[in-house]
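*Asks:* Quick one: the structure is below, and I'll ask about it shortly.
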Amino acid sequence: MKKKALALTLACGLFATAGCGSNNDSGTSANSDGGSKSANEPVELIWIMGDPGKVPVDQAKVEEALNKISIPAINVKVKTLYYDDAKTKLALSSGEQFDMVFTCEWFNNYAVQALAGYFADITDKVKTLTPALYDTMPEVVWDGAKVNDKIYAIPVKKDYAAEIYWRFDKALFVDDLKMTVNDKMDFFEIEPFLKAAKDAWKAGDSAAANAEYPLKMTKAGFAGIASSYDMINNDAMLGIPYSAIGTADENKIVITYEHPDLTNRLTALHKWYEAGYINKDAATVDDVGKYSAIKNGQGFYGADAIWSGGDGYTQLISKYSGPYLSTASIRGAMNAISANSKHIDEALKLQELINTNQEYRDILRYGILGEHWNKNEEGLAVRTQLGRDNYAPWAFSQGSYSLSTVEASEGVEVDPKMWEKIFDSYKDLKATNSIGFAFDITNVSAQVAAIKVIADKYTSGLNTGTLDPATTLPKMMEELEAAGIRDVQAEAQKQYDAYVASKK
């Protein structure tokens, strides 16, 4: 694969102009089961979305507003169900009736559920029935959505190329400590900020009152610790280092926990833990609250506004990783259509409307204009208190994130054209040759299961800095090798080599 051409294709393709609505006839419409439905009887589609913590109080009112657009346009209305991961999977396995469902790499196991037959194959229909939807995204994104060369879900148009950021409490580091937060920095350049916050806490600085541990973590560990890799299989800890792109090893699958791009980070985490920058109970706790003097997370230019609003204090961000395009980043948020739906065509048409009609998309994300949100002079969305209280779904799960009006945030300068800048920056993205590759673990499933059990014993300690990698990693690798990790690595490499050869 020619990386430069891929990057330019992605960056250019993401600027495709979306239509303002549907040109479909709102008269008699064909159902996917071959029947027909009068325009006076709109089709109701059931959509299982991810769980935002609580069902929005004003969900029914918002759906009524959405239906005023979708019924005249495509003779469809929607009913939304908010399920968590476990309930979503149960709905699919038990045969519960639904038409659309949120899925991705980390929620409702996209590839697994597609291979299990729960999702409709939309490979051809998404091009022929909903060409405006297909045109909103470049080919490489649709390629990343494929499982066995078939498209089973529609990616959400958002930050396809993963970027990881440090997040700083502005009041502490800029206003109080007078430190400069650059737009970009290295992973290891965070150390002076950690020290400054800890020292300020020791000195009794009121701005650092909650900074005893500047980098708070839960037992989930440091988010994005393996962001330097295009992960081939998380359970087996297999990936391709982005640092290998352009070298003789660019198609070599490694065990991340024995590769320096990760082990150097683990060593730094342990140093920071020993220095008292990370909470001592990190490897065992489930919650540390919303505040941390320094956080990190996957985001994009402008995400500081979203994080600030969500956490309740102003944050500044500095990118230390990416942009990296991978199958996993493309599949970060998707919506599939049930293989058993009687209204597959209508569901696709609704997805086209969501991803091309800004008015519909804004209502879906923010609620009713003038009630749940308003627009300021810069054209940014400003949520009302009613909106924050009564309508706050997962915006990233619903459809094109970049189509909806950009949200304002108090204390943060927000660029209304942020998505243009994000997509323009993807001209410099890095990508391995793995886009669309899926490792079939069938031949080594027993080994992968055993490896995960062993890894689970160590990774919380390693990924929070609690355990010393110098002594822990050799012991862990010895156990992993006994469990067959080299066999899994060899099987993955065999399949990947064949995949790369097939693309030449």
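*Asks:* How much area per residue is accessible in the chain when the probe is 1.4 Å and only protein heavy atoms are counted (Å²)?
*Replies:* That works out to 43 Å² per residue.
*Asks:* Per DSSP H run of n ≥ 4, the term is -39500 (n - 2.57); total these for the chain, divide by its residue number, and report the mean residue ellipticity at 222 nm rounded to 500 deg cm²/dmol.
*Replies:* Details: 18 runs with 184 residues, N = 504.
Calculated from helices alone, the mean residue ellipticity at 222 nm is -11000 deg cm²/dmol.
*Asks:* Largest first and in whole Å, what are the equivalent-ellipsoid semi-axes of the chain based on the Cα gyration tensor, each being the root of 5 times an eigenvalue?
*Replies:* 38, 30, 21
*Asks:* I've got another one for you. Could you work out, for the range 82-125, what percent of all Cα-Cα pairs fall into each 10 Å distance bin, beginning at 0 Å and stopping at the bin that holds the largest distance?
*Replies:* P(r) over the range 82-125, rounded to whole percents: 26, 61, 13, 0.
*Asks:* For Glu44, list long-range residues whose amide hydrogen, built 1.01 Å from N in the peptide plane, is under 5 Å from its own amide hydrogen.
*Replies:* When sequence neighbours closer than 5 places are left aside, the close amide H contacts are Lys77.
*Asks:* Please turn the phi angles of the range 259-271 into ³J(HN,Hα) values with the Karplus equation 6.51 cos²θ - 1.76 cosθ + 1.60 (θ = phi - 60°), one per residue in order, whole Hz, x for glycine and proline.
*Replies:* The phi angles translate into 9, x, 4, 9, 4, 5, 5, 4, 5, 5, 4, 5, 4 Hz.
*Asks:* With an 8 Å Cα cut-off and a minimum separation of 6 or more residues, compute the relative contact order for the range 90-157 in percent.
*Replies:* Relative contact order here is 28 percent.
*Asks:* Right, next: With Cβ to Cβ distances under 14 Å as the rule, what net charge do the other residues near Gly204 carry (K, R +1; D, E -1)?
*Replies:* Local net charge: -2.
*Asks:* Taking every DSSP beta bridge that has both residues in the chain, what percent is antiparallel when rounded to the nearest 5? Write down the numbers at each step before the final one.
*Replies:* On the way: 36 of 51 bridges.
Expressed as a percentage, antiparallel bridges in the chain total about 70.
*Asks:* Using the charge dipole of the chain (Lys, Arg: +1 at Cβ; Asp, Glu: -1 at Cβ; taken about the Cα centre), state which of Phe396, Leu90, Asn233 has its Cα farthest towards the positive end.
*Replies:* Positive-end residue among those listed: Asn233.
*Asks:* Note down the magnitude of the dipole of the range 304-381 about its Cα centre, charges +1 on Lys and Arg C-beta and -1 on Asp and Glu C-beta and zero elsewhere, to the nearest 20 debye.
*Replies:* Its charge dipole is roughly 340 debye.
*Asks:* For the chain, which whole-number percentage of the solvent-accessible area (1.4 Å probe, protein heavy atoms only) is attributable to carbon and sulfur atoms?
*Replies:* 49
*Asks:* Spelling out what I want: for every residue of the range 315-326, take phi, set θ = phi - 60°, compute 6.51 cos²θ - 1.76 cosθ + 1.60 (Karplus), and round to whole Hz; glycine and proline get x.
*Replies:* 10, 10, 10, 9, 7, 10, 8, x, x, 10, 8, 8
*Asks:* Also: Please report the spacing between the Cα centers of the range 397-423 and the range 237-286 in Å, no decimals.
*Replies:* If you average the Cα positions of each part, the centres end up 31 Å apart.
*Asks:* Using alpha carbons only, how many degrees (0 to 90, rounded to 10) separate the axis of helix 469-483 from the longest principal axis of the chain?
*Replies:* So the inclination is approximately 60 degrees.
*Asks:* Give me the lysines in straight-line cross-link reach of Lys342: C-alpha distance below 19 Å, same-chain residues under 8 apart excluded.
*Replies:* Lys37, Lys77, Lys79, Lys125
*Asks:* Give me the distance between the Cα centres of the range 362-378 and the range 431-504, rounded to whole Å.
*Replies:* The range 362-378 and the range 431-504 have Cα centres separated by 46 Å.
*Asks:* Mind listing the long-range amide H neighbours of Met217? Cut-off is under 5 Å, sequence gap 5 or more, other chains count too, H placed in the peptide plane at 1.01 Å from N.
*Replies:* Excluding prolines and chain starts, which carry no amide H, the hits are Asn279.
*Asks:* Roughly what would the spin-label model give for Thr263 and Lys195, points 7 Å off Cα along C-beta, in nm?
*Replies:* Distance between label points: 2.6 nm.
*Asks:* Would you be so kind as to identify which of Ile46, Asn376, Ala336 lies farthest towards the positive end of the dipole of the chain, taking Lys and Arg as +1 and Asp and Glu as -1 on Cβ and the Cα centre as origin?
*Replies:* Ala336
*Asks:* Please arrange Ile344, Ile337 by accessible surface area, largest first, computed with a 1.4 Å probe and ligands excluded.
*Replies:* The ranking, largest first, comes out as Ile344, Ile337.
*Asks:* Measure up Lys184/Lys252; Lys184/Lys280; Lys452/Lys475 against 22 Å on the Cα-Cα distance and list the ones that go over.
*Replies:* Violating the 22 Å Cα-Cα cut-off are Lys184/Lys252; Lys184/Lys280.
*Asks:* Rounded to the nearest 20 Debye, what is the dipole magnitude of the chain about its Cα centre when Lys and Arg each give +1 and Asp and Glu each give -1 at the C-beta? Before the final figure, lay out the partial values.
*Replies:* Details: 52 positive and 68 negative charges, 83 e Å.
Dipole size: approximately 400 debye.
*Asks:* Same structure again: Which Cα, out of Val500, Ala449, Trp272, lies furthest along the positive dipole direction of the chain (beta carbon charges, K/R +1, D/E -1)?
*Replies:* Looking along the dipole axis, the top candidate is Val500.
*Asks:* Where the only charges are on Cβ atoms (+1 Lys, Arg; -1 Asp, Glu), what is the dipole of the range 50-189 about its Cα centre, to the nearest 20 debye?
*Replies:* 500
*Asks:* Give the long-range amide H neighbours of Val147: residues separated by 5 or more places, or on another chain, with amide H under 5 Å away, using H modelled in the peptide plane at 1.01 Å from N.
*Replies:* Tyr152
*Asks:* A further question follows. Provide the per-residue ³J(HN,Hα) series for the range 441-454, in order, calculated from phi with Karplus coefficients 6.51, -1.76, 1.60 and θ = phi - 60°, each as a whole number of Hz, with x at glycine and proline positions.
*Replies:* 8, 3, 6, 10, 4, 5, 5, 4, 4, 5, 4, 4, 4, 5
The values are calculated or read from the model by the stated rules, or taken from the named source; none is laboratory data. Just so it is clear, the model here is predicted, and its values are computed rather than measured. Note that we place each Cβ from the backbone using ideal geometry, even for glycine, and neighbour counts take in every protein chain shown. For the accessible areas, the whole protein counts, side chains as well, though only heavy atoms, and no ligand, DNA or RNA atoms are used. Shrake-Rupley method; radii C 1.70, N 1.55, O 1.52, S 1.80 Å.
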